[in-house]
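Colleague: Here it is, the structure in full.
The values are calculated or read from the model by the stated rules, or taken from the named source; none is laboratory data. All values reported here derive from a predicted model rather than from experimental measurement. Heads up, the Cβs are rebuilt from the backbone with ideal geometry, glycines too, and the neighbour counts pull from every protein chain shown.
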Amino acid sequence: MRPPTDGPGAAGLGTRRAAPRPTRPTGPDPLAPLLDLPGVRDAADAARTAVDRLLGHKVLRRESAGVSSESALRGARASASLEGVDVPLAQVRTGDVSEPTLQGALRVSVALGSMVDTWDRAPGQVLARMHVLAAADLVPTADLGRPSVQASGRLGGVFGLITGATTAPAVLIAAVVHGELAAVEPFAVGSGVVARAAGRLTGIARGLDPKAVSVPEVGFAELGAPAYAEALAGYRSGTADGVAGWLAHCCRATELGAVEGLAICESLLRG
């Protein structure tokens, strides 16, 4: 598979901004209490500051599509590496990629821009599409885009979070969506890649990174697969400390992903 190339026809993210959406729920806000968990508020603030610093980079005034395309490429590679598929970035950039997990991650990254407007209206449809892209070469066609029956109840709750209004910061909404999908594993194959893509898409759609120029997947990869698995296990436990640890882990990965985005900007600035 060829990697994404510069321009809006590649990743399709750099020229798209999420439409404004209501943020205050009419009833109880299920995510608001997350800010009161130990360390979560500070971690969310740090992540927001890091992404805002990236969004203020002067290169984005004229090269946001190029940064977004490179971000999609690096994000796909990093997501695949968390599945145990570690291919050098230079090789990925040449398009000399045959490994099916990485190919699937690249397909999902390239298509995220076309999913932004639908995500908060029909998340089930988008999730199915993500799995078709991620697992096309890994499972039988009949199994593509079909979550397990056991996951259906919990998925309904996830979709409610995606479509609902909340005062919680976007980085936390993205972390919960990511954590829920990774924890419930709705698909026998490809759930990890789909969960990370869904988290990233939530951040884009909720206005954390509307230009899609940060690379949160690289942040997770830099923190390491063992730390990722440990944080996710804490989230699965449902304890306050476990959930807080996962949220803080996601916020730290978001910070590191913003630093990676700055590195992309600087490389384009240098030509």
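Colleague: Filtering the stretch 48-80 down to residues that are in contact (Cβ under 8 Å) with a residue 24 or more places away in the chain and of a type in the set (Ser, Thr, Tyr), which residue is farthest from Leu262 (Cα to Cα)?
Modeller: Here the answer is Ser79.
Colleague: Only one of these is at pLDDT 95 or above and within 16 Å of the chain's Cα centre (by Cα): Ala263, Ala212. Name it.
Modeller: Residue meeting the stated conditions: Ala212.
Colleague: Another question, if that's okay. Count, please, the residues in the stretch 162-187 that happen to be under 16 Å from the mean Cα position of the chain (by Cα) and outside any loop (DSSP other than H, G, I, E, B).
Modeller: Residues meeting the conditions: 15.
Colleague: Looking at (1) over 18 Å from the mean Cα position of the chain (by Cα); (2) modelled with pLDDT of 95 or more; (3) not basic (Lys, Arg), find the lone condition where Ser69 falls short.
Modeller: Of the numbered conditions (1) over 18 Å from the mean Cα position of the chain (by Cα); (2) modelled with pLDDT of 95 or more; (3) not basic (Lys, Arg), the odd one out for Ser69 is (1).
Colleague: Tell me which of these Phe159 doesn't satisfy, since it passes every other one: (1) touching a helix residue (DSSP H, G or I) at 6+ places or on another chain (Cβ under 7 Å); (2) farther than 12 Å from Pro186 by Cβ; (3) at pLDDT 95 or above; (4) not in a loop (DSSP other than H, G, I, E, B).
Modeller: Of (1) touching a helix residue (DSSP H, G or I) at 6+ places or on another chain (Cβ under 7 Å); (2) farther than 12 Å from Pro186 by Cβ; (3) at pLDDT 95 or above; (4) not in a loop (DSSP other than H, G, I, E, B), only one is false for Phe159: (2).
Colleague: Kindly indicate the residue of the stretch 209-247 that is charged (D, E, K, R) and assigned to a helix (DSSP H, G or I) and also nearest to Ala197 (Cα to Cα) among those meeting that condition. I'd like the intermediate steps shown before the answer.
Modeller: Taking the stretch 209-247 and keeping what is charged (D, E, K, R), we get 209, 211, 217, 222, 230, 236, 241.
Narrowing further to those that are assigned to a helix (DSSP H, G or I): 217, 222, 230, 236, 241.
On the way: Glu217: 9, Glu222: 17, Glu230: 20, Arg236: 19, Asp241: 25 Å.
My answer is Glu217.
Colleague: How many of the residues making up the stretch 200-248 are of a type outside the set (A, V, I, L, M) and over 23 Å from Ser68 (Cα atoms)? Outline the logic, then answer.
Modeller: First pass over the stretch 200-248, keeping only residues of a type outside the set (A, V, I, L, M): 200, 202-203, 206-207, 209-211, 214, 216-217, 219-220, 222, 224, 226, 228, 230, 234-239, 241-242, 245-246.
Among the residues that remain, those that are also over 23 Å from Ser68 (Cα atoms) are: 224, 226, 228, 230, 234-239, 241-242, 245-246.
Looking only at that region, the number is 14.
Colleague: If you scan the stretch 91-106, which residues turn out to be part of a loop (DSSP other than H, G, I, E, B) and crowded, with 19+ Cβ neighbours inside 10 Å?
Modeller: Across the stretch 91-106, the qualifying residue is only Val97.
Colleague: A further question follows. Please state which of the following conditions Ala134 fails to meet, knowing it meets all the rest: (1) assigned to a helix (DSSP H, G or I); (2) in contact (Cβ under 8 Å) with a residue 60 or more places away in the chain; (3) closer than 16 Å to Arg74 by Cβ; (4) among the hydrophobic types (A, V, I, L, M, F, W, C).
Modeller: (3)
Colleague: Which numbered condition in (1) surrounded by fewer than 23 Cβ atoms within 10 Å (Cβ to Cβ); (2) assigned to a helix (DSSP H, G or I); (3) in contact (Cβ under 8 Å) with a residue 12 or more places away in the chain is the only one that Glu83 fails?
Modeller: (2)
Colleague: On to the next question. Of the conditions (1) farther than 23 Å from Phe159 by Cα; (2) at pLDDT 95 or above; (3) surrounded by fewer than 20 Cβ atoms within 10 Å (Cβ to Cβ), Leu35 satisfies every one except a single condition; which number is it?
Modeller: Failed condition: (1).
Colleague: Kindly indicate whether Thr26 is hydroxyl-bearing (Ser, Thr, Tyr) and either at pLDDT below 95 or under 16 Å from the mean Cα position of the chain (by Cα) (or both).
Modeller: It is true that Thr26 is hydroxyl-bearing (Ser, Thr, Tyr) and either at pLDDT below 95 or under 16 Å from the mean Cα position of the chain (by Cα) (or both).
Colleague: Now for a different question. So how many residues does the stretch 107-122 have that are touching a residue at least 60 places away in the same chain (Cβ under 8 Å), assigned to a helix (DSSP H, G or I) and farther than 15 Å from Ser191 by Cα?
Modeller: 9
Colleague: Also: When the residues of the stretch 147-201 are filtered to those that are of a type in the set (D, E, K, R) and surrounded by fewer than 24 Cβ atoms within 10 Å (Cβ to Cβ), which remaining residue is nearest to Arg77 (Cα to Cα)? If you could, list the steps in order and put the result at the bottom.
Modeller: So the first thing to find is which residues in the stretch 147-201 are of a type in the set (D, E, K, R), and the list is 154, 180, 185, 196, 200.
Adding the requirement that they be surrounded by fewer than 24 Cβ atoms within 10 Å (Cβ to Cβ) leaves 154, 180, 185.
Numbers: Arg154: 29, Glu180: 22, Glu185: 21 Å.
Among those residues, the one meeting the criterion is Glu185.
Colleague: Is there a residue being closer than 22 Å to Ala229 by Cα and polar (S, T, N, Q) anywhere in the stretch 112-120?
Modeller: Checked against the condition, which is being closer than 22 Å to Ala229 by Cα and polar (S, T, N, Q), the stretch 112-120 yields no hits at all.
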